[in-house]
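S.K.: Before anything else, here's the structure in question.
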Amino acid sequence: MKLIITDIEDFNITINGKYKIIKPQEKINHCIGCFGCWVKTPGQCVIRDGFEKTGIKMSRCSELILVSQCFYGSVSPFVKMVQDRAISYIHPDFVMRKGEMHHKRRYKNVIALSAFFYGEKITDMEKNTAKNIIQANADNYDGFVKNVCFYPSIKELEEITL
């Protein structure tokens with residue numbers, strides 16, 4: 001299953017296969033860093049606003065697709081808030097991977113991470129930063145990067161198939 005997190009309210013991109021979409025339909029609360037999703041309700045955020053099961057949704061996907069406006073080489077505030085609320089996807093304990101310390105995997109699935117950025121005049125520096133951030137996210141999820149693509153507008157992005 002593909003899990004798509006996007007900041008586009010009117011999402012009109014063709015998707016092949018089974019998928020779920022998380023988009024800004026309702027207000028999302030910020031992660032408050034309480035670690036309740038690790039110790040109080042493992043795998044699920046303690047904030048009840050409709051986004052509390054994002055980590056669980058990630059545990060059921062084979063591909064995580066971020067579709068976002070590029071903000072200084074990163075995802076939009078909405079997409080970042082959803083990612084923050086999904087910290088329950090990983091375990092609080094640490095392991096060494098590739099010579100770096102990362103959180104232990106909580107679930108068995110391996111996520112292929114793809115990012116599709118849109119925005120006018122995305123600089124080469126922003127593209128490089130975005131690629132590095134997506135790679136760091138994949139490392140933190142103990143997954144791998146499948147795609148990182150850039151489009152000058154939502155209109156051009158709507159011509160692709162996910």
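S.K.: Using 7 Å Cα-to-Cβ label points, what is the Met1/Lys121 separation (nm, one decimal)?
M.R.: Those two pseudo-labels are separated by 4.2 nm.
S.K.: Using the Karplus equation 6.51 cos²θ - 1.76 cosθ + 1.60 (θ = phi - 60°), what ³J(HN,Hα) coupling, rounded to whole Hz, does each residue of the range 79-88 give in order, writing x for Gly and Pro?
M.R.: Computed from phi, the couplings for the range 79-88 are 4, 5, 5, 5, 4, 4, 6, 9, 4, 5 Hz.
S.K.: While we're here: When the helix-only estimate is applied to the chain (DSSP H runs of n ≥ 4, each -39,500 (n - 2.57), divided by the residue count), what is the mean residue ellipticity at 222 nm, nearest 500 deg cm²/dmol? Please report the intermediate quantities before stating the final value.
M.R.: On the way: 5 runs with 40 residues, N = 162.
The helix-only estimate for the chain comes to -6500 deg cm²/dmol at 222 nm.
S.K.: Quick one: length gained pulling Thr14 to Lys108 fully straight, 0.36 nm per residue minus the C-alpha distance?
M.R.: Values: separation 94, 0.36 × 94 = 33.84 nm, distance 2.82 nm.
Working it through step by step, the gained length comes to 31.0 nm.
S.K.: Of the heavy-atom accessible surface of the chain (probe 1.4 angstrom), what whole percent is carbon and sulfur?
M.R.: Carbon and sulfur atoms account for 52 percent of the accessible area of the chain.
S.K.: Same structure again: Residue by residue, what Karplus-based ³J(HN,Hα) values in Hz, rounded to whole numbers, does the range 13-21 have, using 6.51, -1.76 and 1.60 with θ = phi - 60° and x for Gly and Pro?
M.R.: 9, 5, 10, 8, x, 7, 7, 10, 10
S.K.: What distance in nm separates the simple spin-label points at Arg48 and Lys98, each placed 7 Å from Cα in the Cβ direction?
M.R.: The two pseudo-label positions are separated by 3.9 nm.
S.K.: Ordering Lys131, Lys18 from largest to smallest accessible area (1.4 angstrom probe), what's the sequence?
M.R.: Lys18, Lys131
S.K.: Show log10 I(q)/I(0) for the range 61-162 at q = 0.11 Å⁻¹, two decimals, from a solvent-free Debye sum over equal Cα scatterers.
M.R.: Those come out to -0.35, one per q.
S.K.: With both partners inside the chain, how many of the DSSP beta bridges are antiparallel, as a percent to the nearest 5?
M.R.: Of the beta bridges lying entirely in the chain, close to 20 percent run antiparallel.
S.K.: What whole-number value in Å² describes the accessible area per residue of the range 14-158 for a 1.4 Å probe?
M.R.: Here the per-residue accessible area is 55 Å².
S.K.: Let me ask another. Quick one: which residues, 5+ away or cross-chain, put their amide H under 5 Å from the amide H of Ile22? H built at 1.01 Å from N.
M.R.: Distant-sequence amide H within range of Ile22: Ile4, Ile5, Thr6.
S.K.: Can you work out the FRET efficiency for the pair Ile160 and Asn29, with r the C-beta to C-beta distance and R0 = 35 Å, to the nearest 0.05?
M.R.: 0.65
S.K.: Then there's this: Taking only C-alpha pairs under 8 Å that are 6+ residues apart, what is the relative contact order of the chain in percent? It would help to have the intermediate numbers written out before the result.
M.R.: Working: 311 pairs, mean separation 40.1, N = 162.
Rounded, it is 25 percent for the chain.
The values are calculated or read from the model by the stated rules, or taken from the named source; none is laboratory data. Just so it is clear, the structure is predicted and the values come from calculations on it, not from any experiment. Cβ coordinates were reconstructed from backbone atoms using ideal geometry, including for glycine residues, and neighbour counts include every protein chain displayed. Keep in mind that these areas ignore ligands, DNA and RNA; they rest on the heavy atoms of the full protein, side chains included. Shrake-Rupley method; radii C 1.70, N 1.55, O 1.52, S 1.80 Å.
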